[in-house]
Structures are given as structure tokens and as C-alpha cells.
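Student: Once you've had a glance at the structure underneath, I'll fire off some questions.
The values are calculated or read from the model by the stated rules, or taken from the named source; none is laboratory data. Note that the coordinates shown come from a computational prediction; the quantities given were computed from them, not determined experimentally. We place every Cβ from the backbone using ideal geometry, glycine too, and count neighbours over all the protein chains shown.
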Amino acid sequence: MAQLVEGISRTFNEFLLLPNRTSLECTPAAVDLRAPLVRHVAGEASAIELRTPFTSAIMQAVSSPELAIALAREGGLGFLHHNRSVEDQVADVRAVKNFKAGFVVSDTNVRPTDTLGHLWELMERTGHTTAAVTDDGTASGRLLGLVTSRDFHPQRHDAAALVSTRMVPVEKVAHSSDDIGLSEANARLWEERLDCLPTVDESGRLRHLVFRSDYTDNKRFPTQLVDDGKRLRVGAGVNTHDYRDRIPALVEAGVDVLAFDSSDGFSDWQAEALTWAKKHYPEVPVGGGNVVDGEAFTFLADAGADFIKVGVGGGSICITRDQKGIGRGQASAVLDVAAARDAYRDNTGQYVPICSDGGLLHDYHVTLALAMGADFVMMGRYFARFDQAPGAKVPTRDGFVKEYWGEGSSRARNWQRYGQGGRGLLFEEGVDGYVPYAGDLHEGLATTIAKIKATMVSCGAMDLATFKATARLTLVSEQSFQESHATVTVRETAGLD
Ligand code: IMP
């Protein structure tokens, strides 16, 4: 008969933290959320440290370059998904690595021979009022001029007239080489009373546009996660099918971290792939997973994984447990794997960070996962709600929702993640739906961070290592779980003075 594992499969809702003594210097401002990302010698620093302990799920509906840029600017890391061609994933890695704060790639571009009618339509579509005029009408063509909504109006100028008749030619446009810094560019914008400063390469091809309004932008992000060349860091998911082709291309494009992405990483396939990656690219960190127990953790750590993701069946879009009867409550999984990570550290002197992936439905679930031993978390639903996520924003009677679909849904058809015995999906392991729209990632994450810091202060911890070591958890009964919510009927505040 089957072996019965001790203990119950428990989830985050079943736990609460007990407050510890808080010292006078333990304030939210003093709390440091830095977290180790990759394997390192115990007691030393990790070669890459997250400045905030968040990563984005390796999913079509979550990790676009825009999301990865926004998250890296907050000190976390985006993992670009792999359920598409190598070329497409490489293009996204490059988009993040080439990002320069305040320097935008122009999205409103015309040729001098285009009509003003075409230009007007384009401006309406992009919502931007400054267009670059280039020889081939692309964002990287030779710069021939600029044309803005101040230069023409559809009621005043003939729609059939050419852009060349209204544009300001490049000889009269203040512009710069692309190696200019943001503060220098800003100084020129103000001194020369410019609205926009285009930058070009040695052969006059357009690189970026710098606008005045973007200058303050950089100051909003004091904890950006950058590499030695000050470029934002980015991760990429890979699979055990085409890694021999995909990994070299991603490394060439400058990816910082890789992660083997599988719904069940406790397999010889993954161990082989990890061994291959570490042999050919020893300098590029590569994670493994997903696992839910200590035995699987040790297996992947021995195979060379630089971090290990924890979680099977807990994702908000996940129906793996319904479909296959496999998985484990996320709290039990994290506690078990964290214990194995600590034992591995004691036995080998190597610290292999773990990531709690999926099923974080409330901000306090993130805090619990960190207290239970996760070094950092990975989230899908959470990030899919923000402007920067790729899902469409859909109006409803009560506001907006954003599309969010699982990698095992028939929409994503990520058969490389779900080994079902061949190419394609035989049955679904994820759903396709909507999540409430939550606005800009910067604002949303600030609230989550504020809550995590407030809880850590209550628990008397100013850094995550201390938090893990000293946190005290209690199981909650059904009755005390009810008590967690307000019992007073909430007053309608709208309309009150
Ligand atoms: P969430 O943060 O609860 O939305 O969970 C996101 C995580 O769920 C991802 O990082 C994956 O580990 C997992 N996942 C993604 N797509 C699917 C799916 O279709 N079925 C089951 N799990 C999924």
C-alpha cells in the first residue's frame, strides 16, 4: 500500500504570526527586504541579491518586458516566459536589457512622404503627440525631423499633404548622441526650452526620445535591481525540451538568470538539463522546480540548481489537484523544503535559496511564506492585475478587470511545462479568466511592501534572515479564522463629508 506522509497538507490561511518584542530602532523605515537569489557559500552574500523579494511568474499573462522592467525597477525580478519561439523570447530579454530610464523608443514614426492624414491617425492610435520622421518610418531609421501636434491640425491642413511640408527638419531639431546621461539631457531640455530631445547613433539613426516629464522618474526607484553595467536585470524561463538551443541564445542576449519551468521538477529530465546548463554555462545562475518536499529539493540541489521553486497545485489559476490529484498545501510545502534547505546548508556549506511559487492570495500570505522560510516569492495573479501586465484591460459594470490565464489552459497550451506524454495538451491544468484591475505596479507594490514591513516590525525583525529565524507561527481554528475578518457591517463612506 502507499506510504502515508506524516502531517496534514496545510495552506497559508491556516496560520497567523504571533507578535514578538519590538525594539525602539525597529521601524518600517529600518526594515531591509534584501533577499538572496542564487546559491552561495553559507554565511557569505549571494552573487545576486534581490532588493525586494518578488519575482514574476513565468507566464504569458504576466511576464512581458514592460512588467519585467517595472518589477526590476522595484528591486525584484521578472522571468520572461518560454512558451514561444527562441527569437521572441530573446527579443524580450534585449528589450529589458536595453531599457534606459527616461529614454523611450519612439512608437509614433512616419516617413516624410507619408500624408498628414496618416500621421493624425497614428497619433490618435498611440495617444502621443510627438512623431519622429525617419527615412524608413521606423523607430531606428535615419532621423530626418520631428513633427508634433503643434505643427499641423486636421481642420487647417490638407490630409493629403505630405509630412515633409509640416515637419521641422533635422538640421533645426536639437538632438544628441545616445551616450548622453539623463541629467545632462534634462539640462538641455530646460536650457534650450525643448519638449523633446531625440538621440541618434554615429550614422544619424534614431535611438531614443527624451521628454522633460520623464526626468523625475528615476528618482522614484531607489531600489532598482541592476547588473554591473547598470542595466536592469532580467530572468527567463526555460524548459527541458529545447534548452540546448534556447539557453545559448538567451545567454548571448544578456539574460541574468534562468529557471527551468516545470509543474513537476522532481524528474531525471530536469536533473539532466540542470547538469547540462551548469556544465556549459557555469557562470549563469539557473533555478529548478517545482517541488513540494525536502527529498525533491535535495535531488535538484545535487543536480546543480542555484535556487529551487516550491509549489504544485496552489496557483490561483491551477486545476492540477482537481485533474490529477497531485500537489501539496503551499504552507506545508514551504515549511518542509525550507527545513531541507537548512539541512543542505549544514551538510554542504552551500545555501540554495527557495522561492514560494503560487497561491499567494493576500499580501499577508507573502509575509507568511517569507516567515516560513521562503527566500523570495513568485506571483502570477498578483502581477497580472497591473497596467504593465500583458492581459487586456476589460471594462465591467463595477470597474475594470484584466485577463489572466494559466500556462496549462488551452489558451496558453504550454505542453513543455506539463508533461502529459507528447506535444500538446491532452487535458487542461489551468483556467482562463479575469482578475480585478489594480492600476500601476509601482503603487500596488508599495502597499504590499508597507504591509510586509509593518508585520516584520511587529515581529521584531529588521531583515528577512532574522524574520525567518525568529518568527513564531500559530495554527488557526475555523472559529479564529472567522475572527480574522471585520464583524461590523462596513459603512458606505461614499458621499459622506
Ligand atoms: P498565482 O500567483 O497563484 O497566480 O500562481 C502562479 C503560479 O501558478 C505560476 O508561477 C506557476 O507555478 C503556476 N501555474 C501557472 N499556470 C498554471 C496552470 O495553468 N495550472 C497550474 N499552475 C499554473
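Student: Taking the stated definitions as given, is Phe260 within 23 Å of Leu77 (Cα to Cα) and either within 16 Å of the ligand (Cβ to nearest atom) or without any contact (Cβ under 8 Å) to a residue 60 or more places away in the chain (or both)?
Tutor: yes
Student: Now, a different point. Does Met1 fit the bill of being part of a loop (DSSP other than H, G, I, E, B) and in contact with a His (Cβ under 6 Å, 6 or more places away or on another chain)?
Tutor: Spelling it out, it is not the case that Met1 is part of a loop (DSSP other than H, G, I, E, B) and in contact with a His (Cβ under 6 Å, 6 or more places away or on another chain).
Student: What about Tyr434, is it assigned by TED's automatic domain parsing to the domain that holds Ser46, within 9 Å of the ligand (Cβ to nearest atom), of a type in the set (Ser, Thr, Tyr) and out of contact with any helix residue (DSSP H, G or I) (no Cβ under 6 Å at 6 or more places or on another chain)?
Tutor: No.
Student: Separate question: From the list Ala273, Ala340, Ala253, pick out the single residue that is farther than 24 Å from Met379 by Cα and touching a Phe, Trp or Tyr at 6+ places or on another chain (Cβ under 6 Å).
Tutor: Ala273
Student: How about the stretch 354-388: which of its residues are out of contact with any Gly (no Cβ under 9 Å at 6 or more places or on another chain) and on the phi > 0 side of the Ramachandran plot?
Tutor: Hit for the stretch 354-388 is Gly373, nothing else.
Student: For the stretch 298-314, which residues satisfy the criterion of being more than 16 Å from the ligand (Cβ to nearest atom) and outside any loop (DSSP other than H, G, I, E, B)?
Tutor: Passing the criteria: Thr298, Phe299, Ala301, Asp302.
Student: Which residues, taken from the stretch 141-156, are crowded, with 17+ Cβ neighbours inside 10 Å and free of Cβ contacts under 8 Å to residues at least 60 places away in the same chain?
Tutor: Leu144, Gly145, Leu146, Val147, Thr148, Asp151, Phe152
Student: Within the stretch 82-111, how many residues are closer than 27 Å to Gln155 by Cα and in contact with a Leu (Cβ under 6 Å, 6 or more places away or on another chain)?
Tutor: Of the residues in that region, 3 qualify.
Student: Here's a follow-up. Sort out which residues of the stretch 315-372 are in a helix (DSSP H, G or I) and of a type in the set (Phe, Trp, Tyr), and write them in order of number.
Tutor: Matches in the stretch 315-372: Tyr344, Tyr364.
Student: May I pose another question? Taking Gln350, is it of a type in the set (S, T, N, Q) and within 16 Å of the ligand (Cβ to nearest atom)?
Tutor: no
Student: Follow-up question, since we're still on this one. Is there a residue in the stretch 41-61 that is in the same structural domain as Arg94 (by TED's automatic domain parsing), at pLDDT 95 or above, under 8 Å from the mean Cα position of the chain (by Cα) and assigned to a loop (DSSP other than H, G, I, E, B)?
Tutor: yes
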